[in-house]
Amino acid sequence: MKKSDVITLIVVAAVICGFAFIPGAWEWFNTTTKNHGLLMSFFKFAILGTFGEMLALRIREGVYMKQGFGLLPKMLVWGVLGVVIASAMTIFKTGTVKLLDGGFHMNGKAAEWFAGDLSWGKAFVALCVSVLMNTLFAPVFMTFHKVTDIHIAETGGSLKGFFGSPLGIREALSKKINWDIQYGFVFAKTIPLFWYPAHTITFLLPPTLQVLFAALLGVALGVILSIKK
């Protein structure tokens, strides 16, 4: 185990202990999440999403950071994506319930189950939300994130480089993304095998924990993708 691994473990343990043992820390977190949901989503994903990429780099190359990694641009991108993801979760939770109750004539049962205690009915609605969100939204989100990853790598990992040139979305989509991996593995395998069940669990959690859990899932996926690479 390297010194950097020890430091990482100490920091993670300190954060967990802080929430567990500092009086009022967890209450502050829940209250702030309720009152400033999108802002908290920015910071949760900026920190945890970037940490997931650092962990993936550690698994692949033995280091948490290297020249051109782009810590600040990655935190910015993950933060913005966190706001988008939190918004998408709200949209799909509301829209799926309305679709089930109206379009599929469940006549209020879906809303009742989803708002109630843990049950098979609530799990069914959570699964429906997860399937719709990950089928319709996730591929677009994942592809855009890949485009930003390419842009960060090509501009030296600096904020100046990131904002100093266009993203080059068309070129990235047509020439730079490895679609054998992006579609054949990321879309075709991680979405049904990982994201469908993982986000079903997410939507069964209390609302204040859902975005945090979604961000933590990004750390787990970073490990999975690093193994694939």
Quiz item: Based on the alpha-carbon gyration tensor of segment 104-188, what equivalent-ellipsoid semi-axes (square roots of 5 times the eigenvalues) come out, in whole Å, largest first?
Solution: 39, 15, 10
Quiz item: Which lysines does Lys175 reach when only Cα atoms under 24 Å apart count, and residues fewer than 8 places away in its own chain are ignored?
Solution: Lys74, Lys146, Lys189, Lys228, Lys229
Quiz prompt | P(r) of segment 1-68 over all Cα-Cα pairs, binned every 10 Å from zero, in whole percent | solution = 18, 38, 30, 14, 0
Quiz item: Under 16 Å Cα-Cα from Lys3, which aspartates and glutamates qualify once same-chain neighbours fewer than 8 residues away are excluded?
Solution: Glu61
Self-check item: Inter-centroid distance (Cα atoms) of segment 99-150 relative to segment 169-226, Å
Solution: 15 Å
Practice problem: State, to one decimal in nm, how far the label point of Ile47 lies from the label point of Ala220, with both points 7 Å from Cα in the Cβ direction. | Solution: 2.0 nm
Quiz item: Between Lys189 and Leu38, what is the spin-label point distance in nm, taking each point 7 Å from the Cα along the Cα→C-beta axis?
Solution: 3.7 nm
Quiz item: For the chain, what is the Kirkwood hydrodynamic radius in Å, using each pair of distinct C-alpha atoms?
Solution: 19.1 Å
Quiz prompt | Stokes-Einstein D (µm²/s) once Rh is taken as the Kirkwood radius of segment 42-141 over alpha-carbon pairs, at 25 °C in 0.890 mPa s | solution = 157 µm²/s
Quiz item: Label Lys66 and Phe144 with points 7 Å out from Cα along Cα→Cβ: what is the distance between them in nm?
Solution: 2.9 nm
Quiz item: So how many Å³ per residue does the convex hull of the Cα atoms of segment 158-229 work out to?
Solution: 138 Å³
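Report the chymotrypsin sites (Phe, Trp or Tyr not before Pro) located in segment 61-106 that are in a DSSP loop and have at most 11 other Cβ atoms inside 10 Å of their Cβ, or state none.
Answer by residue number: Phe104.
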Practice problem: Taking the chain as the reference, fit the longest principal axis to its C-alpha atoms, fit the long axis of helix 207-228 to the helix C-alpha atoms, and give the angle between the two in degrees, 0 to 90, nearest 10. | Solution: 50 degrees
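Read-outs throughout are calculated quantities, based only on the coordinates presented, and are distinct from any laboratory measurement. Model, not experiment: these values are computed from the prediction. No Cβ is skipped: glycine too gets one built from the backbone with ideal geometry, and neighbour counts run over all protein chains shown.
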